[in-house]
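Below: the structure, in structure tokens.
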Amino acid sequence: MNSQPYLSLVVFAVVAAVFPLVPLILARLWFYFFAPLKPGESKNATYECGLVSEGDARIQFKAHYYLYAIVFLIFDVETIFLLPFATAFLNLSVGAVLAMLVFVLLLVEGLVWAWSKGYLEWD
Amino acid sequence: MNELFSEWVRRAVETLSEMLRNPDQAPVVGKAFIVSVFPEFLQGVVGAFISIAALISVFGGLFALLTLMERKGLGRIQNRPGPNRVGPFGILQPVADGLKMLTKEDIVPFRADAFLHFIAPVILVMMSLLTLAVIPYGRNMAPIELDSALLFFFAAGACTELAVFLAGWASRNKYSLLGAMRAIAQMISYELPLLLASFSAVLLVGSLSLVSIVDSQGGFMLGVLPKWNVLTPWGFVGFIIFMIGAFAESNRSPFDLPEAESELIAGHLTEYSGFKYALFFMAEYIGMLAISGLAVTLFLGGWHAPVPFLGWVPSYCWFFAKLLTLACFFIWVRATLPRLRADQLMALAWKCLIPLSFINLGVTVFWHYSAAWSFAMALPARWGIAFLALAVPYTFLARQLGTKKTFARRTYRFAE
């Protein structure tokens, strides 16, 4: 439909970024003219169900959480490798498909291993 | 000058009559006419601008409609009337909500990172609008025809989750951060089944372009059954996996753990007020519509008509009819299913959906190679083998998700 899809994409990105800014600016103008902001010590405190907040929110998270991220990383890279395979699949020979099958099976084996090691238990 | 003007009027009238004669292509013709008014070097920019203006107005309207539909639908399902005070039957409720949000004080906590706190909803809305850019809404009506549209959709879609994390991190609130952590865990778990399920559609088309994927689903089998992907064994299973992933990706119930009201107040939304809060909602609904749109494109035949004799209805009407059906399904599921626990959520993704979507990919390959079978009963045989290949692993995978715990029968004591 148009010859420069990436130029259109840039226009899209700019308009999409401006669109949410407009109501925010409108709201800011409203505060400026009609309803001035009235910050207060307890009003702008961190919300914790009415109690005074204790300690920092940015605490260390349990390491187990990151195992998921590592397993995800491996599989995500795999899906990236699957992308060109998927687009070329119709023209591939049976041998190439079998080679891809071996690649996928290796990764599935990784999933099975992580599973049997109990890394996929969330507790 | 006068001649130029009369020439312009003549062409405008011509365009209008063309639009009326062929409503299927009316938006394309109208856009081409407006673009042709501008000088050559501006035409690309103006075309893109018109497309996104149309997208924002259509999806802004759908967002307003959907918030009302959701509240009304939930109300009816829970045996209460839902909003009914603003305007007849409460149809002006979204307008009232918008005005209220606009005039509410914008409270930013002292400890929050003010800049990130401000930028997070903006990025979220921007990215969810960008995902809309590549979906074909009708015949010749994809706003941007990328060759790698599917990849772009998932890239922009993943950015929305990062914006959710940004919101949670910038708020510097325990609930927000927990919600954000959950959002990321959920995203990385459900991204994989979502991608793998959509790959089966890519495999048999050989292109990441959503336009060619829709084109491949045109036409009818035996003259009645549409050639949609959902009507094949791999497409059916892929569609179900995709929809489960879509629920999780758009943080909708039963996967709304990042904003679980009963435990995390509102998750990453806890410290947001005023229009920033409204922007989060807008992004959630637009994201939901976008991923439903992708489901329609990949599995439900895009803008193709479901029966041959209704082919004269404009293509975009079919697309939006299917889109709204899926949106109603989202609302229905929200009213029906309870929220999952975090460990159940992760187990469902890693121990059931991911293995199943790998098997589904294998079934897709089988489906392609068995298309050449020519003996009698070839079609039932293909269906049978595909069904067995999917159903047997499914029973095992689904069974191990159960807890095997037996609960004592609950007894209730009522006040006398």
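The values are calculated or read from the model by the stated rules, or taken from the named source; none is laboratory data. Small disclaimer: the values here were computed from a predicted structure and weren't measured. Using ideal geometry, Cβ is built from the backbone for each residue, glycine included, and neighbour counts are taken over all protein chains shown. Protein only, heavy atoms only, side chains kept; ligands, DNA and RNA dropped before computing areas. Shrake-Rupley method; radii C 1.70, N 1.55, O 1.52, S 1.80 Å.
What number of residues in the stretch B:245-289 are among the acidic types (Asp, Glu) and modelled with pLDDT of 80 or more?
4
Which of (1) over 19 Å from residue B:241 (Cα atoms); (2) at pLDDT 85 or above is the odd one out, the single condition residue B:195 does not satisfy?
Answer for residue B:195: the failing condition is (1).
Name the one entry in B:335, B:321 that is free of Cβ contacts under 8 Å to residues at least 60 places away in the same chain and either aromatic (Phe, Trp, Tyr) or surrounded by fewer than 16 Cβ atoms within 10 Å (Cβ to Cβ) (or both).
B:321
Looking only at the stretch A:1-30, which residues are in a helix (DSSP H, G or I) and more than 7 Å from chain B (Cβ to nearest Cβ)?
A:6, A:10, A:14, A:18, A:22, A:25, A:28, A:29
So, residue B:327, is that one part of a helix (DSSP H, G or I), open to solvent by less than 30 Å² (accessible area, probe 1.4 Å), more than 14 Å from chain A (Cβ to nearest Cβ) and over 26 Å from residue B:254 (Cβ atoms) or not?
no
Are there any pairs, at least 6 apart or on different chains, whose C-beta atoms fall under 6 Å, with the first in the stretch B:70-85 and under 17 Å from residue B:252 (Cβ atoms) and the second part of a helix (DSSP H, G or I), and if so, which?
Close Cβ pairs satisfying both conditions: B:70/B:331; B:73/B:331; B:74/B:335; B:77/B:335.
Mind listing whichever residues of the stretch B:368-390 are open to solvent by less than 30 Å² (accessible area, probe 1.4 Å) and within 30 Å of residue A:113 (Cα to Cα)?
Those that are open to solvent by less than 30 Å² (accessible area, probe 1.4 Å) and within 30 Å of residue A:113 (Cα to Cα): B:386, B:390.
Would you mind stating whether residue B:133 is within 17 Å of the chain's Cα centre (by Cα) and aliphatic (A, V, I, L, M)?
Values: within 17 Å of the chain's Cα centre (by Cα): yes; aliphatic (A, V, I, L, M): yes.
Considered against the rule, which asks whether it is within 17 Å of the chain's Cα centre (by Cα) and aliphatic (A, V, I, L, M), residue B:133 comes out as yes.
Can you tell me which residues in the stretch B:132-153 are part of a helix (DSSP H, G or I) and buried (at least 20 other Cβ atoms within 10 Å of the Cβ)?
First pass over the stretch B:132-153, keeping only residues part of a helix (DSSP H, G or I): B:132-134, B:149-153.
Passing the criteria: B:132, B:133, B:134, B:149, B:150, B:152, B:153.
Which residue, of B:277, B:285, is open to solvent by less than 20 Å² (accessible area, probe 1.4 Å), part of a helix (DSSP H, G or I) and in contact with a helix residue (DSSP H, G or I) (Cβ under 9 Å, 6 or more places away or on another chain)?
B:285
Considering only helices (runs of 4 or more DSSP H) fully contained in the stretch B:170-273, which possess at least 1 residues that are out of contact with any Asp or Glu (no Cβ under 7 Å at 6 or more places or on another chain) and within 21 Å of residue A:90 (Cβ to Cβ)?
Those helices (runs of 4 or more DSSP H) span B:174-203, B:210-215, B:233-249.
Give the stretch A:77-87 a look and list any residue that's free of Cβ contacts under 8 Å to residues at least 12 places away in the same chain and open to solvent by 40 Å² or more (accessible area, probe 1.4 Å), or say none. Break it down into steps so the answer makes sense when it comes.
Filtering the stretch A:77-87 down to residues free of Cβ contacts under 8 Å to residues at least 12 places away in the same chain leaves A:77, A:79-80, A:83-84, A:86-87.
A:77, A:80, A:84, A:87, listed by residue number.
So which residues in the stretch B:89-121 are at the interface with chain A (Cβ under 9 Å from one of its Cβ atoms), open to solvent by 10 Å² or more (accessible area, probe 1.4 Å) and either closer than 15 Å to residue A:26 by Cβ or not in a loop (DSSP other than H, G, I, E, B) (or both)?
B:98, B:101, B:102, B:103, B:104, B:105, B:106, B:118
When you look at residue A:48, is it open to solvent by 90 Å² or more (accessible area, probe 1.4 Å) and either without any contact (Cβ under 8 Å) to a residue 12 or more places away in the chain or in a loop (DSSP other than H, G, I, E, B) (or both), yes or no?
Criteria not met by residue A:48.
Please pick out the residue among B:42, B:65 that is among the aliphatic types (A, V, I, L, M), modelled with pLDDT under 85, surrounded by fewer than 17 Cβ atoms within 10 Å (Cβ to Cβ) and in a helix (DSSP H, G or I).
B:42
Are any of the residues in the stretch B:11-29 within 13 Å of chain A (Cβ to nearest Cβ), free of Cβ contacts under 8 Å to residues at least 24 places away in the same chain and either within 23 Å of residue A:8 (Cβ to Cβ) or crowded, with 17+ Cβ neighbours inside 10 Å (or both)? Lay out the reasoning, then the answer.
So the first thing to find is which residues in the stretch B:11-29 are within 13 Å of chain A (Cβ to nearest Cβ), and the list is B:25, B:27-29.
Applying the additional criterion that residues be free of Cβ contacts under 8 Å to residues at least 24 places away in the same chain yields B:29.
Now restrict to residues that are either within 23 Å of residue A:8 (Cβ to Cβ) or crowded, with 17+ Cβ neighbours inside 10 Å (or both): B:29.
The answer is yes, given that some residue of the stretch B:11-29 is within 13 Å of chain A (Cβ to nearest Cβ), free of Cβ contacts under 8 Å to residues at least 24 places away in the same chain and either within 23 Å of residue A:8 (Cβ to Cβ) or crowded, with 17+ Cβ neighbours inside 10 Å (or both).
If we keep just the residues of the stretch B:199-254 that are touching a Gly at 6+ places or on another chain (Cβ under 7 Å) and among the charged types (D, E, K, R), which is surrounded by the fewest Cβ atoms within 10 Å (Cβ to Cβ)?
Among them, the one singled out is B:227.
Here are A:97, A:104, A:108, A:71: which of them is of a type in the set (A, V, I, L, M, F, W, C), open to solvent by less than 60 Å² (accessible area, probe 1.4 Å), touching a residue at least 40 places away in the same chain (Cβ under 8 Å) and part of a helix (DSSP H, G or I)?
Checking each option against the conditions leaves just A:71.
Does at least one position in the stretch A:57-66 carry a residue that is closer than 19 Å to residue B:172 by Cβ and of a type in the set (Val, Ile, Thr)?
Yes; the residues of the stretch A:57-66 include at least one that is closer than 19 Å to residue B:172 by Cβ and of a type in the set (Val, Ile, Thr).
Applying the selection to the stretch B:260-287, what residues are more than 19 Å from the chain's Cα centre (by Cα) and charged (D, E, K, R)?
B:261, B:263, B:271, B:276
Check whether at least one residue in the stretch A:48-68 is closer than 30 Å to residue B:370 by Cβ, at the interface with chain B (Cβ under 9 Å from one of its Cβ atoms) and not hydroxyl-bearing (Ser, Thr, Tyr), and report yes or no.
Let us first name the residues in the stretch A:48-68 that are closer than 30 Å to residue B:370 by Cβ, namely none.
No, the stretch A:48-68 has no match at all.
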